[in-house]
Amino acid sequence: MEMTILQIQDFERFLADSGNKIRGKSDSEKVRIFISWCKKNDIEEVLLRLSSEEKGGWSKNYFLDFTTSRIIVTKKGVLTKFADLGFVAGLAPFPYMLTMKNPDPTKIRKQANYTPDDLIKNENFAYYIQYPEIEELILRKGIETTVTNMFGRAIVSNFLTIKTAKQNHNFTLPVNKDGQYEQIRFWLDVVLPFNMTCC
């Protein structure tokens, strides 16, 4: 897949070109305008990262990076598993900048600004799924992971299933790292180029 990698100067160009278009728009509308601009300019950009984790299943701990054209899956290293604070249904740096009142791309930390190329060249790269390969993407509220404590009832994990013609990919999304079901659903709705199934 030969696509351009977004640089800070490209993002600054987007802000200059799209200033009037994004002014007064909601965060989701701004991100959608950014996605359209990336596609128009043949740029692949990481938009959203989710953290998948299963207790006792070392081989099933992944990062899911949603780009403008695919989902890139990387395994978490041992240290990453313990140090992973999550992104809370986290937008990648450039889309996140669009949710700020005065976006300043020079404030993006270099280590936070990973590209699709960086992810694929990473030693922990597992595989990727192109959006046209996906037959159905299902986000399910983890009612069976509900726990009760002195603060009331809380869901601990939600579940994501990605169905392709070849196989189903199942992921457990811990709430403490990815945020509540509604947050995940909201941002997946924004970044995915198709409708997902929610239940």
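What follows draws every value from the coordinates through simple rules; no lab data is involved. Being a predicted model, the structure only gives us computed values, none of them experimental. Cβ placement follows ideal geometry from the backbone for every residue including glycine, while neighbour counts extend to all protein chains displayed.
State, to one decimal in nm, how far the label point of residue 39 lies from the label point of residue 102, with both points 7 Å from Cα in the Cβ direction.
Taking the simple label geometry, residue 39 and residue 102 are separated by 3.4 nm.
Please report 196, 100 as a ranked list, fewest other C-beta atoms within 10 angstrom at the top and most at the bottom.
100, 196
Could you work out how much longer the chain between residue 145 and residue 194 gets when fully extended? Use 0.36 nm per residue separation minus the Cα distance between them, nm to one decimal.
Length gained between residue 145 and residue 194: 14.9 nm.
When only alpha-carbon atoms count, how far does the chain stretch along each of its three principal axes, as whole angstroms with the largest first?
49, 38, 34
Taking neighbour Cβ counts within 10 Å as the exposure measure, how do 129, 155 sort from fewest upward?
Listing 129, 155 from fewest to most nearby Cβ atoms yields 155, 129.
Suppose R0 equals 45 Å; then what is the FRET efficiency for residue 16 and residue 176 from their Cβ-Cβ distance, rounded to the nearest 0.05?
The computed FRET efficiency comes out at 0.70.
Quickly estimate the mean residue ellipticity at 222 nm for the chain, helices only: each DSSP H run with n ≥ 4 gives -39500 (n - 2.57), and the total goes over all residues, rounded to 500.
Calculated mean residue ellipticity at 222 nm is -8500 deg cm²/dmol.
Identify all aspartates and glutamates with a Cα-Cα distance to residue 60 below 15 Å; exclude those on the same chain that are fewer than 8 residues away in sequence.
Those aspartates and glutamates meeting the cut-off are 84.
For residue 40, go through the lysines and keep the ones whose alpha-carbon is under 27 Å away, minus same-chain ones fewer than eight residues off.
Here the lysines satisfying the reach criterion relative to residue 40 are 21, 25, 30, 101, 107, 110, 121.
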